[in-house]
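Peer 1: Here it is, the structure in full.
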Amino acid sequence: MSLLLAQSINLFAVVLLVLAFAMIAQRRILTLIHLFTLQGVALVAATLVVAHLTGQHHLYYSAAVTFALKVVLIPILLHRVIIRLNVRWDVETLFNIPTTMLLGIVLVIFAFNLAGPIARLSTSIAHGTLGIALACVLLSFLMMIVRAKAVPQVIGFLSMENGLFFAATAATSGMPMIVELGIAFDVLVGILILGVFMFQIREQFDSLDIRHLEKLKED
Amino acid sequence: MSIGGILAQLLAIALALALAPLLTGWVNQWRAWLQNRRAPSLLQPYRVLHKLFNKESVVADTASPLFRIAPYIMFGCMALACGIAPTLSTDLPLAPAADAIALVGLFALARVFISLAAIDIGTAFGTLGARREMLVGFLAEPALLMVLFSASLITQSTSLAKIVETLTHQPFAIHPSLAVAGVAFTMVSLAENARVPVDNPTTHLELTMIHEALILEYSGRHLALVEWAASLKLFAYSCIGLALFVPWGIAEAGTPFAIVLAIPVLVAKLAVGGVLLALIETINAKKRLFLVPEFLTTAFLLAVLALLVHVLLGA
Amino acid sequence: MRILDAILIVIAGWLALGLAGIAVLRQTSLVARVLFPAGAVLGVALAGLALAALFSAPQTTVLALGLPDLPFHLRLDGLSAFFLLVIGATTVGISVFAAGYFRVGEGTPPGLLCLEYHLFLASMAMVVLADDAYAFMVMWETMALSSFFLVTTNHRVPAIREAGFLYLLIAHVGAIAILLCFGVLQANTGDYTFANMRAQSLPPLWASVAFLLATAGFGAKAGIVPLHVWLPEAHPAAPSPVSALMSAVMLKTAIYGVLRVGFDLLGAQQWWWGVMLLAIGLVSALYGVVFSAVQTDMKRLLAYSSIENIGLLFIGIGLGVLFNSYGMTALSALALTATLYHVIGHALFKSLLFLATGSVLHATGERSLGKLGGLMRHMPWVAWLSLVGVLASSGLPPFSGFVSEWLLLQSFLFTTGLPDSFLNMLIPVVAAGIALVAALAGYTMVKFFGVVFLGQPREPRLAHAHPASPLERAGLVWLGAGTLLLGLFPVPVIIAIDRVTQLLVGSGIADTVRAHGWLLLSPSTPERASYGPLVFLVVVSLAVLLAVALVRKLYHGRIRRAPPWDCGYPAQTARMQDTAEGFGQPIRQIFEPVFHMRRELPSPFDAKPSYRVTIEDHFWHWLYLPVAQLTERIGRLVGRLQQGRIAIYLLYSFVTLIVLLLVVTA
């Protein structure tokens, strides 16, 4: 049974990765939020499994915090943002989506190779997932780069944090509780600030297209 | 090769030929129910086939012999595909003749012939359908191959029968790469079987149709064969999916009773699969044609991702 | 008499036929009806002798030709025997076809054409026999020159002359690289025989330099990206039998060169050579097939398809090198078997297709896909035989292209134990690339066959298209039958190829293949992988026949002929069918960044609206035009030396002499 549980960590890791890919391929903002929520669910499940297997109780708490924050609070906030800003329309991308995904595959190969030697040093139960976590981070970064609107960028940022969190949980059995709580509040504060920021952009330029920010440059 | 094996092989093909229209009818029925419509009878596809076979075949003046032979070739290819996909038993004498790669080639062969037949008439619709069908095909075919490869890498074999045997024999394990491959396979199957969100099997709207544009000129017994072959294709894809992702319940060599038991198991699995297919078709909207390559590229790259995950995790 | 001597007699026979052609310079019927068929007979003899040589020990001889004290060393081993077999077997079909093809008034007089053609054949055969750099280079250059003259058969057309010069230029750049490669290989011993090069063990750096030079040199001849630009120009310019010969056979001599240098002359290999070849091959294959899918000229389409196939061959060789460098000789043999299988398979089906375009060209006078269509009714032989070639080219079972694709994918699948994680991840990506290339090749070939032979004639005059002559048909039948046999009986072919892989990497798959009988092809065990093309064909045919019989038996077989459904719009014409542009449109859209595209769209107010789209290679603008501009600029600089007065030129010579004397004394 515990073997199956250990394998299920790999499964959740792959689910995270596939969701990160799906975010790159997705044009609709609403679906992006749903995917992000799903990523949160996978993260919570993985954390619970790691907690159960290693018997580290603080991981249960961080799973609870993650659930409250990433599955409930932030998606609700994002929903309200897109309703208030009325930005449910399709996302514009810099490259076309197949090209972006091809870049994604290259990033995955890069991440997997990079993580190989590091993972061999780790003794954690799910050290193989380090590469996947790294790939998630890079994919989210890619998503932030290629999206032209502010909301998908914020989602990309949050998804990147998911990847980092997962790396910490899976590869090193979690960070100290106080650090995790700190990060959780940071993310919350971050999203609030970004939310305000988005309203400001909107008021200034009547659009959420961040290419307008280029006008702010002083010549 | 044993007598039992040959019997099992013949039984598998006969069962596929008999059950394939039923599966189509089942999916149609559920689709209607899920969409709050009154459903046609489960046996409707058989009636349609019977009617079509009895009608005279109207062939265009401009058709060459290729047009008339293509439905038969498509039908033969799909029959062989159902013969080598492990449906009831893994003891299939035909299985060594065509492994997973040849199976993909078989589907491609059928596609090429039916597309050529569509071009043959020389109307705008036929060529349009052929072009769209080949467009779907050139992205779906490598994706399907990569899905099968991820199963091959786990089991160290490209023979479908052997893949199923290995997957059922080894202790139950979660293969994350197979999970990714499963998503890709679902997407490919939808595209290859002309289902929503790629194509709509019931549409005749020229802006969107793919498969129906392809077979627009067929009538009578030729159309019956094409429809039957399409049912067989859906059946073959379902069985491949079941064999890769839910391999349990398929009989092995030298167990005659297991085959008898395998029939209800297969029917049950197909029934569940059919409902899922109807559900997917109901909750999705049809994509614009220009978005289809994007959809299929996603499937292809997911399948590649499955292979990469396999290499990383070694499982 | 030894086999090598007999082969030399065959080659001499070809030369004699060529000279006889000079004697009867303008008697077309004599050249066509006697000399070309005689060349085909010699081709049969060459193929038979090569097959015998494949299963016998290597033979060498020294021909006292050429310069004094610098004789031609010749050697006939498994590798050269295999390529002679390819040359011989393909030539038979092409020569028979050519006998029915060449007519009066195609530029070069027929007798001269006969000389160039047979000189081309003889030089290709000699290239694979050469056993020293001198003989190799002489024959290589003869090959390039004779093919140049063949390409420019219609030399009165300026575009054809330009294509010929481009070909000659790139061929010579490649030849220089090959020459330098031999220079590195002889390792300052001054002995340019291959035997000496084999004996040298170069330091890794110099070995790599030699290999890079060989890849560039032979790659230029093979048409790998970015040295491919001559191929789509030269193939359409040449008469069809010549295009067939160049694409099917001459490109293969470049593959021979890479194999000879990479596996035979250079001892130890390095893993990154394999990766480099894989990358080159994958890029060439994808590039070739994507461009092939958007072409509107049927011969250009086939030329780009050749680039794709050369890419696949390079992938196979790369995989072979990669495995061999890690000592996995069995896997290396598998990959090389796939490569060599594709060499012979491609030689047959591509010459078949090129010859078919020749027949179409003669029947209609039209090369542009947009003006063809519906030819299956007028030339059924050509159409059905092309269908064989098209299916083989698409890599569909049970035809020959599928066997090599299958073997190649198998060699990818058996790769699990490479000691480097990066390589292990590279392998699935390349396999995915191959699968994509194969599927796109299917798209391209459906377009080619569908637009040329199916549908309704797009021009009224196509109704007068006449069927191919009996000799043309005979040539096509030979190649079509070869393609079918290659697809259905892979085991004997693999047993023959085994002799080559034994020579190259000391391992082969014949023993395991032989163990499972000739019906079933299985490179390791049937549990792992197996493929039985004959069973495959029999079962599909049985199913088809049963279906026909049952439908006939149970139901009536009535058929009514009617006009095709016009969608309620009766004013349809044949011009409303999808053209080649239309069929390529999805590919143009998906792979847009790959093309350098120019589009002219009509506006609503045009009196005579026209739509035009031209597709060019990016490499013209990225690589060739800058090089050309640079050359011109340097030329202008050098041009300043030109003063027009003899005294100044004498002064240049005088100064040079003084400087040289100073250097020598210092």
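Peer 1: Using the Kirkwood radius over Cα pairs, work out the Stokes-Einstein diffusion coefficient for region C:148-234 at 10 °C and 1.306 mPa s, in µm²/s as a whole number.
Peer 2: Translational D for this selection: 111 µm²/s.
Peer 1: Here's something else I'd like to know. Nearest 10 degrees is fine. How inclined is helix B:124-155 to the longest principal axis of chain B, computing both from alpha carbons?
Peer 2: For helix B:124-155, the angle is close to 0 degrees.
Peer 1: How many percent of the accessible area of chain C is carbon or sulfur, using a 1.4 Å probe?
Peer 2: For chain C, the apolar C and S fraction of the accessible surface comes to 68 percent.
Peer 1: Could you sort B:Cys77, C:Cys567 by their accessible area in this structure, using a 1.4 Å probe and putting the largest first?
Peer 2: The most accessible residue leads, giving C:Cys567, B:Cys77.
Peer 1: Around B:Ser89, which amide H atoms from residues at least 5 apart in sequence, or from another chain, sit under 5 Å from its own amide H, with H modelled in the peptide plane?
Peer 2: B:Ala251
Peer 1: Which shape class, rounded, prolate or oblate, goes with region C:591-665 when its Cα gyration tensor gives a ≥ b ≥ c as root eigenvalues, a/c under 1.5 marks rounded, and past that a/b bigger than b/c marks prolate?
Peer 2: The shape class here is oblate.
Peer 1: Continuing with this model, one more query. So if I take the centroid of the Cα atoms in region B:255-315 and the same for region C:332-367, what is the distance between those two points in Å?
Peer 2: Distance between centres, Cα-based: 37 Å.
Peer 1: If I ignore ligands, DNA and RNA and count only protein heavy atoms, how much of C:Tyr555 is accessible to a 1.4 Å probe, in Å² to the nearest 10?
Peer 2: 50
Peer 1: Given an 8 Å cut-off on Cα distances and at least 6 residues of separation, report the relative contact order of chain C as a percent.
Peer 2: Computed over chain C, the figure is 12 percent.
Peer 1: How high is the relative contact order of region C:591-665, in percent, counting Cα pairs under 8 Å that sit 6 or more residues apart?
Peer 2: Across region C:591-665, relative contact order equals 20 percent.
Peer 1: Classify region C:517-666 as rounded, prolate or oblate from the Cα gyration tensor: take a ≥ b ≥ c as the square roots of its eigenvalues, call it rounded if a/c is under 1.5, otherwise prolate when a/b beats b/c and oblate if not.
Peer 2: Taking the square roots of the gyration eigenvalues as a ≥ b ≥ c, region C:517-666 is oblate.
Peer 1: Take chain B, connect every pair of alpha-carbon atoms lying under 10 Å apart with a spring to form a Gaussian network, then pick out the residue of B:Leu207, B:Leu296, B:Leu94 with the largest mean-square fluctuation.
Peer 2: B:Leu207
Peer 1: When we measure straight from the Cα of C:Lys371, which lysines land under 25 angstrom away, once same-chain ones fewer than 8 places off are left out?
Peer 2: C:Lys299, C:Lys350, C:Lys447, C:Lys608
Peer 1: Something else now. Chains C and B: what accessible area do they bury, summed, in square angstrom to the nearest 100, with a 1.4 Å probe?
Peer 2: Accessible area lost upon association: around 6700 Å².
Peer 1: As a test of reading the structure, rank C:Met597, B:Met146 by solvent-accessible area (1.4 Å probe, protein chains only), most first.
Peer 2: Largest accessible area first, the list is C:Met597, B:Met146.
Peer 1: For B:Val59, which sequence-distant residues (separation of 5 or more, or a different chain) have an amide H within less than 5 Å of its own amide H, given hydrogens modelled in the peptide plane?
Peer 2: C:Arg560, C:Arg561, C:Ala562
Peer 1: For region C:322-331, in order, what is each residue's ³J(HN,Hα) by Karplus, 6.51 cos²θ - 1.76 cosθ + 1.60 with θ = phi - 60°, in whole Hz (x at glycine and Pro)?
Peer 2: In residue order, the calculated couplings are 4, 5, 5, 5, 9, x, 8, 6, 5, 5 Hz.
Peer 1: Can you list residues whose amide H is under 5 Å from C:His596's amide H, if they're 5+ apart or on another chain and H is modeled 1.01 Å from N?
Peer 2: C:Glu616, C:His618
Peer 1: Starting from the residue with the highest accessible area, list C:Asp420, B:Asp120 in decreasing order, probe 1.4 Å.
Peer 2: So, going from the largest accessible area down, we get C:Asp420, B:Asp120.
Peer 1: Net charge around C:Leu355, counting only other residues with Cβ within less than 13 Å of its Cβ (Lys, Arg = +1; Asp, Glu = -1)?
Peer 2: So the environment of C:Leu355 carries a net charge of +2.
Peer 1: Could you give each residue of region C:227-235 its phi-based ³J(HN,Hα) in whole Hz, using Karplus coefficients 6.51, -1.76, 1.60 with θ = phi - 60°, and x for Gly or Pro?
Peer 2: Whole-Hz 3J(HN,Hα) from phi for region C:227-235: 9, 8, 4, 6, 4, x, 8, 6, 5.
Peer 1: I'd like to check one number: the per residue accessible area of region C:591-665, probe 1.4 Å, reported in Å² as a whole number.
Peer 2: Here the residues of region C:591-665 average 87 Å² of exposed surface.
Peer 1: Just to be sure I follow the definition: excluding the sites themselves, where is the longest run in chain C that has none of the trypsin sites (Lys or Arg not before Pro) in a DSSP loop with at most 13 other Cβ atoms within 10 Å?
Peer 2: Result, exposed sites excluded: C:157-557.
Peer 1: Now a separate question. Which whole-number percent is the relative contact order of region C:214-313 (Cα, under 8 Å, 6+ apart)?
Peer 2: 37
Peer 1: How much accessible area is lost when chains A and B come together, counting both sides, with a 1.4 Å probe, in Å² rounded to the nearest 100?
Peer 2: 1800
Peer 1: Cα axis of helix B:176-192 to longest principal axis of chain B: angle in degrees, 0 to 90, nearest 10?
Peer 2: 20
Peer 1: Now for a separate question. Going by the alpha-carbon gyration tensor, a ≥ b ≥ c the square roots of its eigenvalues, is region C:378-501 rounded (a/c under 1.5) or, if a/c is not under 1.5, prolate (a/b greater than b/c) versus oblate?
Peer 2: Taking the square roots of the gyration eigenvalues as a ≥ b ≥ c, region C:378-501 is oblate.
Peer 1: Right, something else. Over the Cα atoms of chain C, each weighted equally, I'd like the Debye log10 I(q)/I(0) at q = 0.07, 0.11 Å⁻¹, rounded to two decimals.
Peer 2: Evaluating at q = 0.07, 0.11 Å⁻¹ gives log10 I(q)/I(0) of -0.48, -1.16.
Peer 1: I need the phi-derived Karplus couplings for region A:28-42: 6.51 cos²θ - 1.76 cosθ + 1.60, θ = phi - 60°, integer Hz, Gly and Pro marked x.
Peer 2: Couplings: 8, 5, 4, 5, 4, 5, 4, 4, 4, 4, 4, 4, x, 4, 4 Hz.
Peer 1: Take the alpha-carbon centre of region C:290-328, take the same for region C:569-640, and report the distance between them in whole Å.
Peer 2: One Cα centre to the other: 24 Å.
The values are calculated or read from the model by the stated rules, or taken from the named source; none is laboratory data. No experiment lies behind these values; they were computed from the predicted model shown. All Cβ positions, glycine included, derive from the backbone under ideal geometry; neighbour counts span all protein chains shown. Please note that ligands, DNA and RNA were not included when accessible areas were found on the heavy atoms of the full protein model with its side chains. Shrake-Rupley method; radii C 1.70, N 1.55, O 1.52, S 1.80 Å.
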